[in-house]
Amino acid sequence: MWVAFKWVLKRDLMLAVRGRSEVLTTLMFFIIVVSLFPLGVGPERETLAEIASGVVWVAALLASMLSLGRLFSSDYEDGALEQLVLAAHPLPVLVLGKIIAHWLVSGLPLVLLSPVLGLQLGLDGETLAVLIFSLLLGTPVLSLIGAVGAGLTLGLRGGGVLLSLLVLPLYIPVLVFGAGAVEAVRAGLEAQAHLSLLGAFLVLSVMLAPWAAASALRISLD
Amino acid sequence: MNDLTCFRGDRRLFAGLDFTVETGQVLHVSGPNGAGKTTLLRILCGLTQPESGEVRWRGQSIGELKEEYAREVLYLGHLNGLKVELTPVENLMAWAALHGFELGEEAILDALAAMALKGIDDLPVKVLSQGQKRRVALARLLLGRQPLWILDEPFVALDRHAVGVLEGAIEAHLDGGGLVVLTTHQAFTLATGHLCELALGG
Amino acid sequence: MRLFSKDFWFQYASPKTFYPLAGKLIPWFAGAAVILTLVGLYIGFFVAPVDYQQGNSYRVMFIHVPAAWMSMLIYVVMCAYAALGLVLNTRLSDMMAAALAPTGAMFTFVTLWTGALWGRPTWGTYWVWDARLTSELILLFLYLGYMALRSAIDDPRRASRASGLLALVGVINVPIIYFSVQWWNTLHQGASVSLTSAPTMAATMFAAMIVMTFAFWAYAIAVALYRVRLIILERERHARWVVELAEQER
């Protein structure tokens, strides 16, 4: 089973490396959205630092949602998904492999880039560290929850917009506690509780989301 | 021992279908376009749930066997299931891992050579022609170890040589005690094996 | 006892037997809805006293509060039906879920709308980012997502199973979302206005609210049954009993 899991992961990473432009587009989107905010609300350092955590988190939410379309759709079109569903191993495990690969190429780069954007918006020191850590815990949850939505909207007309309608409300807890962690530190409080809850969401979604996404794929291929 | 029974009552396409496939047998599903051939094959391999009825493999329902059944089935649909950015060898290795066995590069190269694909095994699949892609997909038949083959239009886009190779592969599979269910609109000849017809629709 | 036998209950899980039963029940629930609404509004507008703090504007509460209760209750019931349909593969429960969704969304919208109308004279603003209002808004999004997914899928079987799964995911998430909105609200104090310190309610006010709640219940059941009858006809149009029914009508 782990051989198959490793191959799913490896194949998706190879595909991402060979089709680099798609990965970079998500990243560029993230940077551009964050950069638009100072232009929209004005360059005052105080204002920017106040909204920074929310801005970075909302941009991460949107970027991760945009990249979700890629998760299953190309496999759906070329028939690789049929072979995945008919594989001799439990589908949730293989789907988890795909989600991890997806996070590595679309979520992790956002986390790595976030300190630069945080600095731009006037965050520093501890707040910056908490921002990175909250994204590190939160973005995998986005990929996991998003996979369920991506599975459900597979091959539907207007799938992209529909996906955002389904998935964004479910992202709210991650947004609240992710941005809340940074806010708490800025207000001089501990971010411990927020980060623990984000961790709990991560554990919960790792346990449930692959199973739900696998069912969604079976339904969509039926 | 290998028998497969299917009851299905689907008002849209077909109803009350009931048949068995035995070892060494080819079931040729025929019928006009839209008669439900592909749907039937997808039900047989477990992709689609029948409206009513069930498919049984060695007497057990495939809904209960789940992965155990999937291990025994080789399905080739209309779509090739190849990632176009990867080479044929990478594609086939990933496919084998998914279906529960490991393949050496040697075996894969041999199979590709038999499909007359020698020398293009390190190119990404996207530069290959339609027929070449289909042949890469069909190379699975030479590599797979599953007893039940479910093939949807396997002869489409193949040249005469490849059709011959495919027929040979099916014959060898039947001689080894395998089962084949296929759809095709093209004529094909088999030297061995017991061919039965299932006509749908019309 | 016939009532205690399993078959007695299961026969109504089949669309064919449920269809005429629903037809018989609709007039009763519809009638109850009309009468209860008239009684409730009469108590609410003519019997209940004027609030010494809020004047007459508080009377929108007689619609707002029952609608808010219904919006949440219907979501839970809808998800229960959807889950039942997904797990037991019963067609009727999925049809019930589909029939309830628009009514639930309507009540959610009414809640938000009347809330804004009440907020203007009371708080001086149509909208505050209060935990309850925000949760209600998110609930509306969840309803809309459910209905949008259902309408985007042409194949009825895929539509019912996909939306069933979505409802299941939604019901796991709703407590988490609700809890996170509460948390978010306590962190950002000052922006919110306390709703909980309502003055003690006069007995007649309470009575009006209860009567209106039952009126909305009756309305929701009547409309859902009406809608489920249409869905049954559409979904089962090839079944023999539907064809026979259509010929009789003609």
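The values are calculated or read from the model by the stated rules, or taken from the named source; none is laboratory data. Note that the coordinates shown come from a computational prediction; the quantities given were computed from them, not determined experimentally. No Cβ is skipped: glycine too gets one built from the backbone with ideal geometry, and neighbour counts run over all protein chains shown. Keep in mind that these areas ignore ligands, DNA and RNA; they rest on the heavy atoms of the full protein, side chains included. Shrake-Rupley method; radii C 1.70, N 1.55, O 1.52, S 1.80 Å.
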Legend entry - FRET efficiency, 1/(1 + (r/R0)^6) with R0 56 Å, evaluated for A:GLU46 and B:SER129 via beta carbons: 0.35
Inset, instruction - Over the range A:2-221, give the accessible area per residue in Å² for a 1.4 Å probe, as an integer. - result: 38 Å²
Legend entry - Loop sites in the range B:63-117: chymotrypsin sites (Phe, Trp or Tyr not before Pro), DSSP, at most 16 other Cβ within 10 Å: B:PHE101
Inset, instruction - Could you tally up the Lys pairs in the protein assembly as shown with alpha carbons closer than 29 Å? Skip any pair fewer than 8 positions apart unless they're on separate chains. - result: 29
Inset, instruction - Work out the FRET efficiency for C:GLU244 and B:GLU22 from their Cβ-Cβ distance, taking R0 = 35 Å, and round it to the nearest 0.05. - result: 0.25
Legend entry - Inter-site label distance for B:HIS194 and C:TRP123 at 7 Å from Cα along Cβ, in nm: 7.7 nm
Legend entry - Helix axis angle, A:108-120 relative to chain A longest principal axis, alpha carbon, degrees: 20 degrees
Inset, instruction - Work the Kirkwood hydrodynamic radius out for the range A:113-184: mean of 1/r over every pair of different alpha-carbon atoms, inverted, in Å. - result: 13.5 Å
Inset, instruction - Report the calculated FRET efficiency for B:PHE101 and C:LEU88 (r = Cβ-Cβ distance, R0 = 35 Å), to the nearest 0.05. - result: 0.40
Inset, instruction - List the accessible area buried at the contact between B and A, summed over both sides and calculated with a 1.4 Å probe, in Å² to the nearest 100. - result: 2600 Å²
Legend entry - Calculated on alpha-carbon atoms, Rg and Dmax of chain C in Å: 20.8, 65
Inset, instruction - Give the residue from A:LEU189, A:LEU144, A:LEU36 lying farthest towards the positive end of the charge dipole for chain A; charges sit on Cβ (+1 for Lys and Arg, -1 for Asp and Glu) and the dipole is referred to the Cα centre. - result: A:LEU144
Inset, instruction - Could you state the angle between the C-alpha long axis of helix C:203-235 and the longest principal axis of the C-alpha atoms of chain C, as a value from 0 to 90 degrees rounded to the nearest 10? - result: 30 degrees
Inset, instruction - Could you give the spread of the C-alpha atoms of the protein assembly as shown along their three principal axes, from largest to smallest, in whole angstroms? - result: 97, 75, 39
Legend entry - C:LEU88, B:LEU174, ranked by accessible area, largest first (probe 1.4 Å): C:LEU88, B:LEU174
Legend entry - Spin-label model distance (nm) - C:VAL76 vs A:LEU36, 7 Å beyond Cα toward Cβ: 4.0 nm
Inset, instruction - Counting helices only, and only those DSSP H runs with n ≥ 4, report the 222 nm mean residue ellipticity of chain B as the sum of -39,500 (n - 2.57) divided by its residues, in deg cm²/dmol to the nearest 500. - result: -10000 deg cm²/dmol
Inset, instruction - Nearest 100 Å² is fine: how much accessible area is buried between A and C, summed over both sides, with a 1.4 Å probe? - result: 2600 Å²
Inset, instruction - Starting from the Cα of C:PHE109, step 7 Å toward the Cβ, then list every residue of the range C:126-155 with an amide N under 16 Å from that point. - result: C:137-149, C:151
Legend entry - Whole-number percent relative contact order across chain C, with pairs defined as alpha carbons under 8 Å at least 6 apart: 35 percent
